[in-house]
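Structure, as C-alpha cells:
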Amino acid sequence: MSINQFTNIKRQNYYRTSTLILVAFATAFLPRIITTVGAPKPLNFLHFIAVPFACILAISQSKSKDAKQINIAWLVIAGLLVYLTIMTASALINQAGIINLVVDYLLKVEPFLLLLAITSIPLSIQSYEFIRKWLIRFCFSHIFLIYGQYFLFIVLGRHPKAGNPDYVQGIFYESGSGHVVGASVGLTFGLYYFFFAKAAPIWIRISVLFATFWGMLLADAKQVLFTFIIAGGILFLSKTKDIVETLKYLIPGLIFTVVFLWCVQNVPAFGAFNTWMRPDIYGSDGEATLLKTASLRIIPTFYETPLNMFLGLGPGHSVGRLGGWMLREYEDLLAPLGSSIHPASGAVWGAVSDSWLGDQSSMFSPLFGWAGIWGDTGLFGLGAYLFLYILVFIYLCQDDFSKFCWLTVLAHGLIFSQMEEPGFMLFIVMIIGLQWQYKRIKELHLKELRYSAYSQNY
C-alpha cells in the first residue's frame with residue numbers, strides 16, 4: 001500500500017474506529033473522577049462493553065495483508081481463547097458464579113483486546129495524531145488534579161482524612177490504591193512526554209517529567225519508583241550483549257542511584273523510602289517475608305481436589321482484584337447477578353490484619369497480581385497469561401520504551417493488584433500501541449520515499 005493510498009482511506013472510517021478506541025480507553029481512565037462528582041457507580045463497568053466492542057470493530061475493519069501482523073493477531077486470539085477455556089474449567093469445578101467468570105476474564109484480558117484493536121488497523125497519520133493528542137490531554141488533566149488535590153487535602157486540610165497523601169490520586173480519585181495508580185500513570189507519561197514530545201521545547205519536557213516525579217512523592221507512592229527500577233534493570237540485562245547499549249543504560253542508572261540514595265538520607269520529601277530500609281523485617285522469618293508470601297501458603301490449604309493445583313480456586317475466589325476487593329465493594333451490583341465469594345480471600349485478608357506491617361505499605365501485601373492469577377486459575381491459568389504477556393513483549397513492543405512500560409506491569413504484579421486496574425493497564429497498552437503504529441507509519445514513509453527515488457531514476 002502506498003502512502004497516498006494509506007492516507008486517503010475514507011476519513012469517516014478512520015475517525016469512527018480511532019474515536020471508538022479513544023472512547024473505550026476513556027471509559028476506563030475517567031470514570032473514577034466522574035463518579036466522584038455524582039455519576040452512577042455502574043459507569044465503572046462501562047469499559048467491559050466498550051473495549052471488546054472496539055476490538056471487534058477494529059478487527060472487522062482490518063484490511064491488513066501483512067502475514068506477520070496477521071499471524072501475531074491470531075496468536076493473541078488463540079491465547080485469549082485458551083485462557084478463557086482454562087478460566088471456564090476453573091469456574092465449573094469450583095462452582096464460581098457466571099458473573100465471576102465474565103468480570104474476572106475481562107479484567108485480565110482487556111489490555112490485550114485494546115492492544116489488538118490498535119494494532120489491527122492501519123491508522124492514518126491523522127488518526128494516530130488524534131489519539132495521541134487526546135491521550136496527552138487526559139494525562140495533563142491528571143497531573144493538574146494531583147497537584148490540586150495535594151493543595152486541597154494536604155496544604156489546606158480540606159478532607160475527612162486531611163494530611164493523608166494516599167488521597168492524592170488525580171483522575172483515579174477514591175479508588176483504593178489510586179495514589180499508586182495515579183503516580184504510575186503520571187510518571188510513565190512524564191517519561192513518554194520527555195522522550196517523544198519532540199515538538200515541545202526541552203525545558204517544557206524536563207518540567208513535565210519533574211512534575212510527574214514530584215507528584216509521585218507528594219502521593220507517597222514510593223513503590224512506583226521501585227517498579228521502574230525493576231523494569232529498567234531487566235531491560236538493562238537484555239542489552240548486556242551490546243557494549244554501547246549497555247553503557248547507555250548503565251551510566252544514567254548509576255548516576256540516578258547515587259543521587260536517589262543521597263536524597264533518601266538528606267531530603268525530607270524522600271524520607272518515606274526509609275520504611276523499607278529495615279533489614280530485620282526481611283529474611284526467611286522476617287515479618288515482611290511472612291506477610292508477602294501469606295497468600296502462597298494460605299491458598300493451597302483450601303484445595304479440595306488435585307485439579308485445584310492446575311486450575312486454582314475459581315475466578316474471583318482468591319486474591320485478585322475481583323476476589324480481593326470488587327466482590328465486596330460492588331456487592332449491591334454483583335450479588336444479584338449470582339457472584340460467589342470464597343473463604344480463601346478472607347483468610348488472606350485476615351493475615352494482613354494480623355500483621356503489624358499490614359497497613360504500612362502495599363509493598364508488603366500478599367494480595368498481588370501474579371498471586372491472584374495463580375490463585376484463581378492455577379498453574380494452567382498462570383501459564384496461559386504468561387504466554388499472552390510474552391507475546392506482547394516479543395512482537396508488539398517495538399522499542400525500548402514500550403518494553404520498559406510492559407516490564408513495569410510485570411513488576412507491579414509482584415507488589416499489588418495494579419495488573420487488574422483498567423485505567424493503568426489500558427494506558428500502558430495505549431502507549432505501546434501508539435509506538436507500534438508510529439513505527440509502522442515511519443516504515444511506510446521510508447518505503448514510499450525509496451519507491452519515489454527509484455521511479456525518478458527510471
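The values are calculated or read from the model by the stated rules, or taken from the named source; none is laboratory data. A quick note: this is a predicted structure, and the numbers were derived from the prediction, not measured. Note that we place each Cβ from the backbone using ideal geometry, even for glycine, and neighbour counts take in every protein chain shown. Only protein heavy atoms, including side chains, enter the accessible area calculation; ligands, DNA and RNA are left aside. Shrake-Rupley method; radii C 1.70, N 1.55, O 1.52, S 1.80 Å.
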Next item on the list: Run Lys65 past the list (1) assigned to a loop (DSSP other than H, G, I, E, B); (2) open to solvent by less than 70 Å² (accessible area, probe 1.4 Å) and report the number of the one that doesn't hold.
Entry: (2)
Margin query: Can you say whether Gly190 is in contact with a Leu (Cβ under 7 Å, 6 or more places away or on another chain) and not hydrophobic (A, V, I, L, M, F, W, C), as far as the supplied structure shows?
Written below: yes
Check: (1) open to solvent by 70 Å² or more (accessible area, probe 1.4 Å); (2) modelled with pLDDT of 95 or more: which one isn't true of Leu114, the others all being true?
Finding: (1)
Item checked: Filtered residue count, the stretch 122-145, keeping only those that are among the aliphatic types (A, V, I, L, M) and open to solvent by 10 Å² or more (accessible area, probe 1.4 Å) -> 4
Notebook entry, point to check: Restricting the stretch 330-342 to residues that are open to solvent by 80 Å² or more (accessible area, probe 1.4 Å) and part of a helix (DSSP H, G or I), which is farthest from Ala91 (Cα to Cα)?
Noted result: Asp332
Next item on the list: Search the stretch 290-301 for residues that are free of Cβ contacts under 8 Å to residues at least 24 places away in the same chain and over 9 Å from Ala351 (Cβ atoms) and pair each with any residue that is of a type in the set (A, V, I, L, M) and open to solvent by 50 Å² or more (accessible area, probe 1.4 Å) when their beta-carbon atoms are under 8 Å apart and the residues are at least 6 apart or on different chains.
Entry: Pro300/Met309
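Applying the selection to the stretch 280-299, what residues are open to solvent by 20 Å² or more (accessible area, probe 1.4 Å), in a helix (DSSP H, G or I), within 20 Å of Gly413 (Cβ to Cβ) and not charged (D, E, K, R)? I'd like the intermediate steps shown before the answer.
Within the stretch 280-299, the subset open to solvent by 20 Å² or more (accessible area, probe 1.4 Å) is 280, 282-285, 287, 289-290, 292-293, 296-298.
Subset that is in a helix (DSSP H, G or I): 280, 287, 289-290, 292, 296-298.
Those left that are additionally within 20 Å of Gly413 (Cβ to Cβ): 289, 292, 296-298.
Once the filter is applied, which keeps residues that are open to solvent by 20 Å² or more (accessible area, probe 1.4 Å), in a helix (DSSP H, G or I), within 20 Å of Gly413 (Cβ to Cβ) and not charged (D, E, K, R), the stretch 280-299 yields Thr289, Leu296, Ile298.
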Check: Of all residues in the stretch 340-364 being within 25 Å of the chain's Cα centre (by Cα) and modelled with pLDDT of 90 or more, which is farthest from Ile415 (Cα to Cα)?
Finding: Ser345
Notebook entry, point to check: Any idea which residue in the stretch 17-48 is surrounded by the most Cβ atoms within 10 Å (Cβ to Cβ), counting only those that are modelled with pLDDT under 85 and not in a helix (DSSP H, G or I)?
Noted result: Ala39
Checklist line | Sole residue being closer than 22 Å to Leu290 by Cα, at pLDDT below 95 and of a type outside the set (S, T, N, Q), chosen from Leu327, Leu367, Leu334 | finding: Leu367
Notebook entry, point to check: Which of the residues that make up the stretch 405-416 are in a helix (DSSP H, G or I), open to solvent by less than 10 Å² (accessible area, probe 1.4 Å) and within 19 Å of Gly320 (Cα to Cα)?
Noted result: Thr408, Val409, Ala411, His412
Margin query: Here is a list: Phe195, Phe236, Phe270. Which entry is open to solvent by 70 Å² or more (accessible area, probe 1.4 Å) and either in contact with a helix residue (DSSP H, G or I) (Cβ under 8 Å, 6 or more places away or on another chain) or modelled with pLDDT of 70 or more (or both)?
Written below: Phe195
Notebook entry, point to check: If you go through the stretch 370-404, how many residues are polar (S, T, N, Q) and either within 20 Å of Asp104 (Cα to Cα) or part of a helix (DSSP H, G or I) (or both)?
Noted result: 2
Next item on the list: Please determine, by comparing only the residues of the stretch 208-246 that are under 24 Å from the mean Cα position of the chain (by Cα) and among the hydroxyl-bearing types (Ser, Thr, Tyr), which one is nearest to Leu407 (Cα to Cα).
Entry: Thr227
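Going by the structure shown, is Glu110 under 24 Å from the mean Cα position of the chain (by Cα), more than 21 Å from Phe53 (Cβ to Cβ) and of a type in the set (D, E, K, R)?
The answer is no for Glu110.
If I filter the stretch 179-192 for residues that are more than 18 Å from the chain's Cα centre (by Cα) and open to solvent by 20 Å² or more (accessible area, probe 1.4 Å), do I get at least one hit?
no
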Notebook entry, point to check: If you scan the stretch 208-233, which residues turn out to be over 22 Å from Pro165 (Cα atoms) and open to solvent by 20 Å² or more (accessible area, probe 1.4 Å)?
Noted result: Ile229, Ile230, Gly232, Gly233
Next item on the list: Go through Ile136, Ile77, Ile93 for me and flag whichever is out of contact with any Phe, Trp or Tyr (no Cβ under 6 Å at 6 or more places or on another chain) and under 18 Å from Pro52 (Cα atoms).
Entry: Ile77
Checklist line | Within the stretch 417-444, tally of residues that are modelled with pLDDT under 90 and surrounded by 24 or more Cβ atoms within 10 Å (Cβ to Cβ) | finding: 1
Next item on the list: Spot the failing condition for Gly170; the list is (1) within 19 Å of the chain's Cα centre (by Cα); (2) among the small types (Gly, Ala, Ser); (3) modelled with pLDDT under 90, and only one is missed.
Entry: (3)
